[in-house]
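Novice: Sending over a structure as structure tokens; questions will come in a sec.
The values are calculated or read from the model by the stated rules, or taken from the named source; none is laboratory data. Quick caveat, the model's predicted, so the values are computed rather than measured. FYI the Cβ positions are ideal-geometry reconstructions off the backbone, even for glycines, and counts take in every protein chain you see.
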Amino acid sequence: MWEYVEVNTLSRQKRNQARRRDDNRGIASEANPNSEAIELREEELVARKELRELGSIELHTEVEEVPGRLEVDALREEVVVEREPIGQVVSQREEPREEDDVLIIPIYEEQLAVTKRLVLRERIRVRRVGTTERRLFEDTLRRERLVVEDAQHTGRVREVYPTPESGAESDDKDPQEGFMDQLVRKALE
């Protein structure tokens, strides 16, 4: 952890003014040997900042388990079988076919008669019907959270969490409740 500290020191101007003073004396005595120069001096303070170490912090993560809940719509297909009695005499067999997403399977039987004949007894229509049902899945989820420790106990480390004024909702929150606690509570609602 670092901090800027202001240190007041005298400027280099003081040394430069002393040099100019010596130079000005020489100029005054050359221009007019009888004149005497009076110098006015002043000292100035100049702020200088130094960076010095006050302490350090340690960061690590912890894994915590919170209940998770997810509700999804699951699509499920069911098969509806409709039997259509036909009773029609046919000379040859038809292969199963599909019409408008419906599978049509012909069912044949041989019947005893004076002559043997092929009769289409019934057709079976198989179609798919989509249904949606709501399912709820619950499990324990793990997540990490940041832990900040002030190793030297300098008192200069603080964590800031959202407040109700900064966009968080609900006035019934405990001011001591942390951000992660608020998220867990909100997830369980």
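Novice: Within the range 159-189, restricting attention to residues that are at pLDDT below 60 and of a type outside the set (G, A, S), which residue is surrounded by the most Cβ atoms within 10 Å (Cβ to Cβ)?
Specialist: My answer is K173.
Novice: Something else about it: Regarding P67, is this residue within 30 Å of R185 (Cα to Cα) and either touching a helix residue (DSSP H, G or I) at 6+ places or on another chain (Cβ under 7 Å) or not assigned by TED's automatic domain parsing to the domain that holds L183 (or both)?
Specialist: Details: within 30 Å of R185 (Cα to Cα): yes; either touching a helix residue (DSSP H, G or I) at 6+ places or on another chain (Cβ under 7 Å) or not assigned by TED's automatic domain parsing to the domain that holds L183 (or both): yes.
So P67 passes the test.
Novice: Then there's this: Please find, within the range 92-121, the residue that is nearest to T131 (Cα to Cα) out of those that are among the hydrophobic types (A, V, I, L, M, F, W, C) and in a loop (DSSP other than H, G, I, E, B). It would help to see each step written out before you state the result.
Specialist: Let us first name the residues in the range 92-121 that are among the hydrophobic types (A, V, I, L, M, F, W, C), namely 102-105, 107, 112-114, 118-120.
Keeping just the survivors that are in a loop (DSSP other than H, G, I, E, B) gives 112-114.
Details: L112: 44, A113: 47, V114: 50 Å.
Filtering the range 92-121 for residues that are among the hydrophobic types (A, V, I, L, M, F, W, C) and in a loop (DSSP other than H, G, I, E, B), the one nearest to T131 (Cα to Cα) comes out as L112.
Novice: Pick from R156, R143: which is modelled with pLDDT of 75 or more and either in a strand (DSSP E or B) or among the small types (G, A, S) (or both)?
Specialist: R143
Novice: From V89, V80, V72, V46, which residue is at pLDDT 75 or above, part of a strand (DSSP E or B), more than 30 Å from E159 (Cα to Cα) and more than 60 Å from the chain's Cα centre (by Cα)? Give the derivation first.
Specialist: Details: V80 fails: more than 60 Å from the chain's Cα centre (by Cα); V72 fails: more than 60 Å from the chain's Cα centre (by Cα); V46 fails: more than 60 Å from the chain's Cα centre (by Cα).
Just one listed residue meets the conditions, V89.
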